[in-house]
Amino acid sequence: ENETVKPGYYSLLLDKYNIKVELTASERVGFHKYTFPSSDNAHIIIDLKEGNSDIPTETFLKIVDNMTLVGYRFSNGWSENQRIFFALELSRPFDTFDVFNDTLPVKGDSITGVALKGVFNFSASAGEEVLLKVGISPLSSENALQNIKAEIPHWDFSKACSDAKTKWNNELGKIEINADSSGCVTFYTALYHTMIAPSLYNDYNGQYLGADKKVYEGKDFQNYTTFSLWDTYRAANPLFTITQTERVSDFIQSMLQLYLQEGKLPEWHLMGHDNRVMIGYNAVPIIVDAYLKDIRDYDTHLAYEAVIKTALRDDRGLSFLKELEFIPFDKESESVAKALEYAVYDWGIAQLAKDFGNTDDYNAFRKRASYYKNYFNPESDFFMGKLSNGNWRPDFDPIGSSHRNDEFCEGNAWQYLWLVPQDVEGLVELLGGKENFEAKLDSLFNIKEELKEGASVDISGLIGMYAHGNEPGHHIPYLYTYIGAQWKTAQRVREIMEKLYSDKPDGLCGNEDCGQMSAWYVFSAMGFYPVNPMNGAYVFGSPKLNACNIKLHNGKTFTMIAHNNSPQNIYIQKAKLNGKDYDKVFITHKELLQGGKLEFWMGNEPSLSFGSSENALPKSIMY
């Protein structure tokens with residue numbers, strides 16, 4: 001009851017000390033307000049040691065005057081060799097300032113140590129407000145100070161809060177919805193989560209630190225970091241092409257600069273370092289999707305070069321792919337997961353090459369995109385690890401999982417069977433046709449929820465063996481729509497939204513992963529989802545919102561209305577687009593950008609005819 005949380009504002013009463021804490025921010029500056037009780041022993045601590053699992057390697061504090069402090073924190077953790085510089089301004093002079101290296105007192109006005117902690121000491125009258133501004137920079141304390149002067153030059157905390165509120169309202173207001181109170185909180189929390197990353201990684205003057213540790217000017221774009229691309233390419237980045245269109249080119253510009261500095265596109269880049277913790281060259285589908293949606297405010301020829309050269313590297317099993325057309329289980333960990341991901345990306349590269357008119361690249365990558373079939377064992381009905389000699393791996397268990405130490409990545413054979421969003425028809429054929437495909441998909445959701453010892457902790461949010469708490473399966477419930485059983489997609493999508501998302505503190509079933517978990521909800525609540533994140537189509541599910549208005553960057557508005565919608569009426573009975581009967585069970589990005597109105601009529605019984613004809617089904621082609 002002592003905590004208030006809003007976009008752009010946070011407050012908490014530290015009831016043990018009767019100190020009220022209020023926080024707001026601009027893009028590069030944090031603004032603090034502390035309201036103290038009467039005390040001759042008030043303190044504000046600057047702690048450069050603590051940071052979750054992040055370990056400081058060098059810290060620095062310098063007293064500029066009795067109202068200004070500068071410093072830096074260098075550390076290793078999720079990302080190596082992180083560097084953050086800061087400048088801190090107080091609204092009133094401090095009385096004294098103490099410094100500790102961890103717990104040992106140290107003297108001086110300019111101090112370097114491994115884990116410094118500074119303490120402002122002062123007397124406070126009852127209700128006195130002490131304001132504090134902290135600017136951050138990847139380059140220098142001088143730039144951090146300039147960031148303060150540029151973004152929050154005043155001491156009006158209410159104005160800073162109002163400015164932050166306005167910015168967040170502008171962003172969140174890009175989608176206006178009609179839902180009950182709980183639904184509004186869940187939806188806008190999800191939409192907010194999609195905007196936490198990528199994060200700005202430059203100064204107000206445009207300067208930023210490259211991956212090569214050189215200083216770049218970055219005058220013509222905003223540089224970003226926090227690229228959790230294995231997660232976000234599936235739905236968060238496609239969502240950005242709708243809600244953050246003006247930023248997408250900056251995201252890609254940032255990736256291309258990393259390509260120039262490191263010779264490859266980023267995988268999991270944070271603060272100038274690629275920790276490569278996940279598999280795949282997953283910047284590729286993001287660039288392909290943006291380019292094919294005509295978002296091209298960057299060097300498109302450099303983008304093409306970066307995509308091709310990154311995909312033609314020899315690491316992470318790619319040399320085996322070139323030589324054998326599969327990645328051997330006994331030579332490369334996570335072999336099947338890597339290969340399935342590569343096939344998705346390679347399909348996109350083929351589409352990009354086709355648009356560029358490069359027939360050789362188109363044919364080569366279209367062929368590579370089909371290599372996923374080399375891992376399918378018709379006897380087990382699963383994708384499996386294959387040994388160097390071409391034999392299947394021994395001791396196969398489709399439920400078994402050894403975290404990051406078998407042929408899959410954070411999953412098992414049941415979950416990876418469906419990672420073919422670029423060629424659903426091909427997967428249907430592998431599984432013996434639509435009837436067998438549907439039965440197998442039913443089994444995924446109905447099989448006993450059972451994880452064996454050693455299973456990845458990331459396999460969470462289970463419905464049967466479907467794991468919504470991890471990203472590779474997010475498209476799976478929508479696959480029913482490809483075989484004419486859209487009502488089953490509706491059933492499963494609504495079940496997931498009801499069971500695994502809420503407005504409570506535990507309202508997510510797995511790692512948010514930089515907005516991907518929430519992006520799934522944003523799309524699904526509106527009634528559609530990008531199964532193939534590069535082909536420009538959004539497949540229908542079951543809208544949880546009664547209505548929404550998407551304000552597009554071109555000034556148009558796309559409206560979705562779900563008539564007769566309720567927790568019981570989860571099945572689409574019919575649809576109209578701009579007042580005309582619409583029998584397809586997907587809509588294209590091009591249609592969405594034209595604005596207009598998509599209407600669904602909902603009911604409590606499946607409509608077996610809706611989306612059942614061959615012409616209505618989504619295809620694994622470019623739209």
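Laboratory data are not the source of any read-out in this text; all were calculated from the coordinates shown. Note that the coordinates shown come from a computational prediction; the quantities given were computed from them, not determined experimentally. Cβ atoms come from the backbone with ideal geometry, glycine included; neighbour counts cover every protein chain shown.
In table form, for the structure just shown:
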| read-out | value |
| --- | --- |
| Formal net charge of residues neighbouring ASP346 (Cβ-Cβ distance under 9 Å; K, R +1; D, E -1) | +3 |
| Debye intensity ratio in log₁₀ form over the Cα atoms of the chain, taken at each q of 0.06, 0.08, 0.12 Å⁻¹ | -0.36, -0.63, -1.28 |
| Rounded FRET efficiency, nearest 0.05, which uses the C-beta distance separating SER162 from LEU13 and R0 of 30 Å | 0.85 |
| Above-threshold pairs, the threshold being 23 Å between Cα atoms, out of LYS213/LYS331; LYS49/LYS219; LYS167/LYS551; LYS33/LYS117 | LYS213/LYS331; LYS49/LYS219 |
| For segment 74-155: Kirkwood Rh in Å [reciprocal of mean 1/r, alpha carbons] | 14.8 Å |
| Virtual spin-label span in nm between HIS154 and ILE447, 7 Å along Cα→Cβ | 6.1 nm |
| VAL344, VAL119 arranged by Cβ crowding within 10 Å, fewest neighbours leading | VAL119, VAL344 |
| Given charges at beta-carbon only (K, R positive; D, E negative), |dipole| of the chain in Debye | 1180 debye |
| Counting DSSP beta bridges with both ends in the chain, the antiparallel % (nearest 5) | 95 percent |
| Partner aspartates and glutamates for LYS354 [C-alpha distance under 13 Å; skip if fewer than 8 residues away on the same chain] | ASP346 |
| Residues of segment 219-243 with amide N under 20 Å of the 7 Å Cα→Cβ point at TYR192 | 236, 240, 243 |
| Sites ARG92 and VAL5 - FRET efficiency at Förster radius 41 Å, r taken between beta-carbons, to 0.05 | 0.90 |
| P(r), alpha carbons of segment 3-149 - 5 Å bins starting at zero, rounded % | 2, 9, 17, 20, 21, 18, 9, 2, 0 |
| Cα centre as origin, Lys/Arg/Asp/Glu Cβ charges: segment 232-282 dipole, Debye | 140 debye |
| Exposure proxy ranking, count of Cβ atoms within 10 Å, fewest first, for SER380, SER75 | SER380, SER75 |
| CD proxy at 222 nm, helix term only [per DSSP H run n ≥ 4: -39500 (n - 2.57); per residue of the chain; nearest 500] | -9000 deg cm²/dmol |
| Angstrom value of the Kirkwood radius, inverse mean 1/r, which spans all Cα pairs in segment 161-234 | 15.0 Å |
| 15 Å beta-carbon shell around GLU128, net charge (K/R +1, D/E -1) | -1 |
| Filtered trypsin sites (Lys or Arg not before Pro), segment 160-221: DSSP coil and at most 11 other beta carbons within 10 Å | LYS213, LYS214, LYS219 |
| Karplus 3J(HN,Hα) series, Hz, for segment 159-171 with 6.51 cos²θ - 1.76 cosθ + 1.60 (x for Gly, Pro) | 5, 4, 4, 5, 5, 5, 4, 4, 4, 5, 4, 4, 6 |
| Segment 309-326 - phi-based ³J(HN,Hα) in whole Hz, Karplus 6.51/-1.76/1.60, Gly and Pro as x | 5, 5, 6, 9, 5, 10, 7, 6, x, 5, 5, 5, 4, 5, 7, 10, 6, 7 |
| Entries of LYS338/LYS434; LYS556/LYS597; LYS174/LYS597 with Cα pairs more than 20 Å apart | LYS338/LYS434 |
| For segment 274-395, projected area of the alpha-carbon convex hull averaged over all directions, nm² | 8.4 nm² |
| Cut-off 13 Å between beta-carbons: net charge of the residues surrounding LYS20, Lys and Arg +1, Asp and Glu -1 | -3 |
| Label-point separation in nm, SER370 to SER181, each point 7 Å along Cα→Cβ | 5.8 nm |
| Karplus-derived HN-Hα couplings along segment 601-607 (A = 6.51, B = -1.76, C = 1.60, θ = phi - 60°), whole Hz, x at Gly and Pro | 10, 9, x, 8, 10, x, 9 |
| Debye, to nearest 20: dipole size of segment 3-149, +1 on Lys, Arg Cβ, -1 on Asp, Glu Cβ | 220 debye |
| Charge dipole (segment 1-63, unit charges on Cβ, about Cα centre) - positive-most of HIS43, VAL29, THR57 | VAL29 |
| Packing-based exposure ordering (other Cβ within 10 Å, fewest first) of MET534, MET271 | MET271, MET534 |
| Label-point gap, in nm, between GLU262 and ASP581 - each point 7 angstrom along Cα→Cβ | 5.3 nm |
| R0 of 41 Å, Cβ-Cβ distance ASP40-VAL114: FRET efficiency to nearest 0.05 | 0.80 |
